[in-house]
Amino acid sequence: MSTTTIQLEDVLNHPEYISIHQMPGIHLDLRYAGVDNFIGHNLYGDFDGGLLHHQAASQLARAVTILQAERPGWRLRVLDALRPGRVQRLLWDRVKGTPQHIYVADPARGSIHSFGMAVDVTLEDEYGQEQDMGTRFDDFTLLAQPAQERQMLQAGLLDYQQLELRQLLRGCMQQAGFHGIASEWWHFEAADRGWIRANMLLVE
């Protein structure tokens, strides 16, 4: 893991980090900046979120271009971006010792979100309607896991349209250089996590 950290307050003017608030094709709907999350309250306080490392931001802009080539007028709805280590510890404290701990990175390793190199996203159509992906964000069940999608489809717990939308999202993100994970359909990382932890700044 990287031993170099930077305080959130110093990131705001750091040249390697970019605000995505005005990025075309993006709708920011940061769930930890409000109460619509599994904790049930605002974890970000005065930090308005919407920051990424410039590499992840560039890849996200590319993903928007790919999406809009396939579905004109559609946007990526960003549910979380850079997540400071101080917030990651709050999430970890809630799930450690429970079966849900597999969904939250141990802050001792550092969440890829805390390097500004991960983003949680979903799709919205040209009318601004969030699409039905089969579960909500931060759903801690097998239904949210890409690795389980075929089984969930066969069991009638996911339908073909939901699966098609997940595949559309994954395809756009992967073509832009992101990697998904097996446990959350909404989570994407902009580079290899081992490399990120060894070489990038951890935001506290």
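The values are calculated or read from the model by the stated rules, or taken from the named source; none is laboratory data. Please read these numbers as outputs of a predicted model, since none were measured by experiment. For neighbour counting, all protein chains shown are included, and Cβ atoms are generated from backbone atoms with ideal geometry for every residue, glycine included. For the accessible areas, the whole protein counts, side chains as well, though only heavy atoms, and no ligand, DNA or RNA atoms are used. Shrake-Rupley method; radii C 1.70, N 1.55, O 1.52, S 1.80 Å.
Distance between the modelled labels on ARG89 and ALA155, one decimal in nanometres: 3.7 nm (7 Å Cα→Cβ projection). In the chain, a dipole from Cβ-located charges (positive for Lys and Arg, negative for Asp and Glu) runs towards its positive end, and of ALA81, TYR160, LEU201 it is LEU201 whose Cα lies farthest in that direction. Ranking SER58, SER114, SER183 by solvent-accessible area of protein heavy atoms (1.4 Å probe, all protein chains present), from largest to smallest, gives SER58, SER183, SER114. Region 112-149 and region 56-94 have Cα centres separated by 9 Å. Taking each residue as 0.36 nm, the span from ALA182 to THR98 lengthens on full extension beyond its C-alpha to C-alpha distance by 28.3 nm. Would you mind checking region 70-98 for residues with the amide N under 20 Å from a putative spin-label position 7 Å along Cα→C-beta of LEU142? Counting only backbone N, you get 98. Each Lys and Arg adds +1 at its Cβ and each Asp and Glu adds -1 at its Cβ; summed about the Cα centre, the chain shows a dipole of about 500 debye.
Computed over protein heavy atoms with a 1.4 Å probe, the accessible surface of the chain works out to 46 Å² per residue. Model label points for GLN7 and ARG62, set 7 angstrom from Cα along the Cα-to-Cβ axis, are 3.5 nm apart.
With Cα atoms as the point set, the radius of gyration and Dmax of region 38-146 evaluate to 15.1, 44 Å. What share of Cα pairs, in percent, lie more than 21 angstrom apart in region 5-203? In whole percent, the long-distance tail amounts to 50.
Spin-label model, GLU130 to GLU164: label points 7 Å out along the Cα-to-beta-carbon direction sit 2.2 nm apart. Entry note, the chain: the mean residue ellipticity at 222 nm calculated from DSSP H runs of n ≥ 4, each adding -39500 (n - 2.57), is -9000 deg cm²/dmol after division by the residues and rounding to the nearest 500.
For region 5-203, the carbon plus sulfur part of the accessible surface works out to 49%, probe radius 1.4 Å. Out of every Cα-Cα pair in region 94-204, what percent are more than 22 Å apart? In whole percent, the long-distance tail amounts to 38. Remark: C-alpha extents of region 4-92 on the principal axes read 38, 31, 20 Å, sorted largest to smallest. Judged by the mean number of other Cβ atoms found within 10 Å, the most tightly packed of the peptides 115-124, 170-179, 139-148 leads the ranking 115-124, 170-179, 139-148.
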